[in-house]
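To start, the structure itself, in structure tokens.
The values are calculated or read from the model by the stated rules, or taken from the named source; none is laboratory data. Keep in mind that what you see is a predicted model, and the values were worked out from it rather than measured. Note that we place each Cβ from the backbone using ideal geometry, even for glycine, and neighbour counts take in every protein chain shown.
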Amino acid sequence: MYSTAGILPIGYIKRLFDLWPCSSAVLGDVYLSVVLATILLFTLIGICFIVKYTSHIRNDLKNIISADLSNLALNLWIGFILMLPYFFRAGVLWFVLWWFLVFWVYLAKAEKKLVMIFIFLVFISGWIAHVGGGFVTYGTTHVDKEIYLTENNMAKPKDVIALTSWIASHPDDAEPMNTMALVEKRRGNFTHAVDLLKHALDLEPTNARFYNNLAIALAGMSRYQEAITALKDAIALNRHSVIYHYNMSRIYQKTYNLYDADKEFGLASKIDPMRVSAFLSRGDKDIEHTFIEERIPVGRLIYREMTPSEDLSRASEALWAMGFGLLKKVYAPLIGMVACIVILILEHIPRERFTKRCSRCGRLYYVGSSSSHGHSLCLQCHWLDMKSKKKLENVLTQKISEVKKYRLLMSAYTARLELAMPGLGSIVGDRTSIGVTRIYMLGLSLVLIITGGQFVYSLVPSGLDVRPAIRMLGMFILGVLYWRAYSMPPGAKGV
Amino acid sequence: MSLVGTLKGFGVTEIFQLINQQMKTGTLVVNAPRAKISIFFSDGYIRGIYSDSWDADPRVKILVDGGFVKHKDLEVAKGGEKESLNWVDILIAQNKLSKALLDKITNVVLRDLFFDILRWGEGNYRFEEGVNASREMIECNAQAENIMLDTLRSIDEWPLVEQKVPPLDYYPVVIMPVTEGIVQKFKLTDKDIRIYDLIDGNKTIDTLINESLETRHDVLSSIVRLMDAFLIEVFPKETIKGSDRFSKMQTVFAGLKKVFAYILLLVTVVALVYISRPGLYVPLWPNPVVTQYIYAQKEIANNFKYSKQAIPLLHSDKDNYNH
């Protein structure tokens, strides 16, 4: 029952999403996997920038200091600059943001776009953490667990006590009142159930589900006319519910209005004949008294778990601290804005003040130009670029051989880097989009292998354990990535 | 037929390329706010140059300031100019000027001119077929592409050099002999070594520019590179006499600077570690609050598991039945 189910029948998966604990856990796992993979993506991109641009920053430092400092001293200083957020106990994303700002003046156009995406994510990171917190605390907030267990007849006395206590302390929350009404109804305490449902309807007068439950409670008290009125309200709010028409048909049967019962039954069958057939087969045992209760929709429970609460706030703050730390998540938009301002200021510094490496010949230069793809080009290469190929043999064979030599060196270097970390060679070799794709796949595969794709647990076990399969998938992706890095290195044609 | 364009977007390099490719004969007139420059081409080769910003032939200044020709001889030659014989021809005929030296100086003038044209952002150019050579035109014979390639490299490096250029009336002084190791470490070129060889402690930077037969930008780039390599240092005239003592002090100071860089780094790191000490070793992952919530979920799930209340996926029903 609790082991891996092998290849899942499609029915399993469909049912998973009808069950709130499972759908919440699956959505939470997917969401947190994507978030973690994205954090890994930007962290690894930051590392790629360090590999790619450290020589640039060292060259500029050397020129600024104008002292004959050894490479060791300069590297130590650069290391210190890059690790500065560590001394403030900042999270990994502070490092990434810091690195992006430090390297901003050296970045190519495509890389700058990546940084802007990251800053946008920083801007909305508070909300991202909020949703993550919603999934992490989904079993402990807003008595959602108690509501679900009660509606599914799995509740223990302590769950009912929790519901009662919540209703007392939150008189404006209608959903627990509806659930409590169901409990009272099962106990045979119809009057109290009706009172609770009427109160719930005062709070949410457009909730058709509450009207349906009210009708069932009233029918339990043999107040059929009021039950019919309640159901008519439910149908007015949702004409396409098979349950409301079916229940109406049952109540008409109770009042011996067989004509209207048959009419309502026909309407229900028209909407979903299979489901009506299921109702009938289940109701055969006690056809006279069977009414259908509508359960709280999964979407509504997910919405409730995302509603702000003390627990959610704590968890989302903790999640944000895992990524950033140092400040509270309320400052996320401010951090994004400050980063934008810093970038605006940096953009106003003339580009010729910073070292650039020619993507064609590898020479470090200051003025230069850029290719149509936005890659750095020294003026010589830019000029050679404009020349017709017919004329190249006449001109500057030395420069062309310099370009060829650099291309070969770069090709071998990026191939080695790509094998060390898929995507690293591509980023260093100015193939940003391929690099980003590979790094994201690398991050995702690592997340899947390490976590098995599981972050949150289904409160009520579904009997499925897909972690081994997810880990296998992660290993498969990693294998494919390394095979691609080996067979199609960044310098190769077509990559 | 004439070709016109603006200097924005390297338009002038494209026109040079076009002239070279199509082996054109004509005059390229570059009109910028600072000057109007005419370059005369014949079969794609540069045959002459002229700038309206010149008061006199710019080669004269280089020849005289560099000490290649005496001012007196030049004046005599200029006095003997005729319709078909100019001062250059006279000096060459008198063996007071060699053709090779003149070509080299013309090349320097040409490269300086290219440097200006390629750096100008504003202005326009016009190419007209046919050569309307004036008497002031400086004759030359050069391939535009070679000149351009060297000039582009100078422009690439110039922003860095520009901010380090010492005053031109300062005296460069050798403070360390050049070795193969230094040449490799600082990637010094032959041109840099040639400039280094010219330095004797008695010449200003301006004199070096005049004597070197290199462009002003190339000489200044070399001097900056030599200074960065700690091979030379520059002093104002007043301090030149005490330069030996000063250069020793400079060497000591450079060594102290190196040590200071390490000490400063160490002190900064220690200070920051001290300030942020309490929380520095507390890991941010995993966060205990998040772990606590996840464990709570796990515990609830385990309770259901052990009480055999797992959700039967295949048998559960979507609806509740009220009996």
Original post:
Do you know which of the residues in region A:287-300 that are more than 9 Å from chain B (Cβ to nearest Cβ) and of a type in the set (A, V, I, L, M) is nearest to the chain's Cα centre (by Cα)?
Top reply: A:Val298
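Let's see how each residue does on (1) surrounded by 13 or more Cβ atoms within 10 Å (Cβ to Cβ); (2) modelled with pLDDT of 75 or more; (3) more than 30 Å from A:Leu41 (Cα to Cα); (4) out of contact with any Leu (no Cβ under 8 Å at 6 or more places or on another chain):
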{"position": "A:His375", "(1), (2), (3), (4)": "yes, yes, no, yes"}
{"position": "A:Cys378", "(1), (2), (3), (4)": "yes, yes, yes, no"}
{"position": "A:Asp385", "(1), (2), (3), (4)": "no, no, yes, no"}
{"position": "A:Lys389", "(1), (2), (3), (4)": "no, no, yes, yes"}
{"position": "A:Thr397", "(1), (2), (3), (4)": "no, no, yes, yes"}
{"position": "A:Ile400", "(1), (2), (3), (4)": "yes, yes, yes, no"}
{"position": "A:Arg407", "(1), (2), (3), (4)": "yes, yes, no, yes"}
{"position": "A:Leu417", "(1), (2), (3), (4)": "yes, yes, no, no"}
{"position": "A:Leu424", "(1), (2), (3), (4)": "yes, yes, no, no"}
Original post:
Given the structure, is B:Phe16 buried (at least 18 other Cβ atoms within 10 Å of the Cβ) and assigned to a loop (DSSP other than H, G, I, E, B)?
Top reply: no
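Would it be correct to say that A:Ser241 is within 24 Å of A:Leu301 (Cβ to Cβ) and modelled with pLDDT of 90 or more?
no
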Original post:
With region B:143-202 as the region, which helices (runs of 4 or more DSSP H) entirely inside it contain at least 3 residues that are within 10 Å of chain A (Cβ to nearest Cβ)?
Top reply: B:144-162
Original post:
Pairs, please: C-beta under 7 Å, at least 6 apart or cross-chain, first residue in contact (Cβ under 8 Å) with a residue 60 or more places away in the chain and in region B:104-115, second assigned to a helix (DSSP H, G or I) and among the small types (Gly, Ala, Ser)?
Top reply: B:Phe115/B:Ser154
Original post:
For region A:301-329, which residues satisfy the criterion of being away from chain B (no Cβ under 13 Å) and aromatic (Phe, Trp, Tyr)?
Top reply: A:Tyr303
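Suppose we filter A:Leu481, A:Leu446 for residues that are more than 30 Å from A:Thr150 (Cβ to Cβ) and touching a helix residue (DSSP H, G or I) at 6+ places or on another chain (Cβ under 6 Å); which single one remains?
Result: A:Leu481 is the single residue among A:Leu481, A:Leu446 that is more than 30 Å from A:Thr150 (Cβ to Cβ) and touching a helix residue (DSSP H, G or I) at 6+ places or on another chain (Cβ under 6 Å).
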Original post:
Which residue out of A:Cys361, A:Cys340 is touching a residue at least 24 places away in the same chain (Cβ under 8 Å), assigned by TED's automatic domain parsing to the domain that holds A:Ser33 and assigned to a loop (DSSP other than H, G, I, E, B)?
Top reply: A:Cys361
Original post:
So which helices (runs of 4 or more DSSP H) are wholly in region A:165-222 and hold at least 1 residues that are over 33 Å from the mean Cα position of the chain (by Cα) and over 20 Å from A:Tyr246 (Cα atoms)?
Top reply: A:174-187, A:190-203
Subject >> Residue count for region A:481-491, restricted to those that are assigned to a helix (DSSP H, G or I) and free of Cβ contacts under 8 Å to residues at least 24 places away in the same chain >> reply: 2
Subject >> Whichever residue in region A:64-77 is surrounded by fewer than 17 Cβ atoms within 10 Å (Cβ to Cβ) and under 16 Å from A:Thr355 (Cα atoms) and, among such residues, is modelled with the lowest pLDDT >> reply: A:Ser66
**OP:** For residues that are of a type in the set (Ser, Thr, Tyr) and not in a helix (DSSP H, G or I), scanning just region A:44-96, find the one that is nearest to the chain's Cα centre (by Cα).
**Re:** A:Ser70
